[in-house]
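Trainee: I have a structure here, written as structure tokens, and I will follow up with some questions on it.
The values are calculated or read from the model by the stated rules, or taken from the named source; none is laboratory data. Here the structure is a predicted model, which means the values were calculated and not measured. Methodologically, a virtual Cβ is constructed for each residue, glycine included, from the backbone with ideal geometry; neighbour enumeration extends over all protein chains shown. For accessibility, only protein heavy atoms count, side chains too; no ligands or nucleic acids. Shrake-Rupley method; radii C 1.70, N 1.55, O 1.52, S 1.80 Å.
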Amino acid sequence: MLSAALAAALAANPSKSTEASDSNGFVRLGEAVPGAVQEIRYYSTYNFVGERIDGYEEPCAMMTREAAVALAKVEKDVEAQGYRLKIYDAYRPQKAVDHFVRWAKVIEDVRMKPHFYPEVDKTRLFAEGYIDAKSGHSRGSTVDLTLLDMNSGKELDMGGVFDYFGLRSHPDFKGDLTPAQLKNRQILRGAMLRHGFKPLSTEWWHFTLKNEPYPNTYFTFPVRCK
């Protein structure tokens, strides 16, 4: 069952626009998926750049209406298993992606390397696909997330942290992961796939709605809570 706020937003059903500056097709996940915890890393300084990222004017997550409806179903699914969603990022303005590109070109700025890319030389970030001029997040139907245990309130151990640049982040990485860590990844992945999302081969936390409504539009409006 949809939340009243999300149902009202869907009922409004404004005509779709592919104008990059038009946010009418989006909703805030605080309303659409109210049980999810949000830790918007790019509004903070705890991210691979080490500073707040352009375009994140407030610490909240936004997605297209269609993706939000699907994520609300994921929320109900994992709650029945004893978990909550924790969201790190969702819609990402093109301005933020541009910020990443500028940062990646400043080779001497490696202040966050020990935390997020200790195994990768910064000169290789473009070549190895960690940084690109476009991101699926800017189309509005992609989300980065993990799970919290409802009893302990702690994140499930996924055997690697969000935004880590390396093989450990690949969903199928075996390496030194324990059976419990592999199982935790599968719990998240299974719930997302059951409700219409597709995974990314290089990031266990990254999922995109299969039938995303704006597959060719990279939006530019900023992230705001109101």
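Trainee: Which condition number does residue 73 fail, the rest of (1) closer than 15 Å to residue 209 by Cβ; (2) open to solvent by less than 60 Å² (accessible area, probe 1.4 Å) being met?
Mentor: (2)
Trainee: Under 7 Å between Cβ atoms, which residue pairs at least 6 apart in sequence (or on different chains) link something in segment 154-169 that is at negative phi with a partner that is of a type in the set (Val, Ile, Thr) and outside any loop (DSSP other than H, G, I, E, B)?
Mentor: Final answer for the pair search is 155/146; 156/146; 158/146; 162/146.
Trainee: Mind listing whichever residues of segment 29-69 are hydrophobic (A, V, I, L, M, F, W, C), out of contact with any Asp or Glu (no Cβ under 7 Å at 6 or more places or on another chain) and open to solvent by 10 Å² or more (accessible area, probe 1.4 Å)?
Mentor: Those that are hydrophobic (A, V, I, L, M, F, W, C), out of contact with any Asp or Glu (no Cβ under 7 Å at 6 or more places or on another chain) and open to solvent by 10 Å² or more (accessible area, probe 1.4 Å): 37, 60, 69.
Trainee: What pairs come out if I take residues in segment 82-94 that are buried (at least 21 other Cβ atoms within 10 Å of the Cβ) and pair them with residues that are of a type in the set (Phe, Trp, Tyr) and part of a helix (DSSP H, G or I) whose C-beta lies under 8 Å away, six or more apart or interchain?
Mentor: Sorted first by the residue in segment 82-94, then by its partner, the pairs are 89/42; 92/42.
Trainee: Here's a follow-up. Does segment 95-115 include one or more residues that are loosely packed, with under 13 Cβ neighbours inside 10 Å, modelled with pLDDT under 95 and either of a type outside the set (Asp, Glu) or closer than 30 Å to residue 58 by Cβ (or both)?
Mentor: No, segment 95-115 contains no residue that is loosely packed, with under 13 Cβ neighbours inside 10 Å, modelled with pLDDT under 95 and either of a type outside the set (Asp, Glu) or closer than 30 Å to residue 58 by Cβ (or both).
Trainee: What about residue 126, is it touching a helix residue (DSSP H, G or I) at 6+ places or on another chain (Cβ under 9 Å) and in contact (Cβ under 8 Å) with a residue 60 or more places away in the chain?
Mentor: It is false that residue 126 is touching a helix residue (DSSP H, G or I) at 6+ places or on another chain (Cβ under 9 Å) and in contact (Cβ under 8 Å) with a residue 60 or more places away in the chain.
Trainee: Another one. Taking strands (runs of 3 or more DSSP E) that fall entirely within segment 111-226, which contain at least 1 residues that are among the aromatic types (Phe, Trp, Tyr)?
Mentor: 197-200, 203-209
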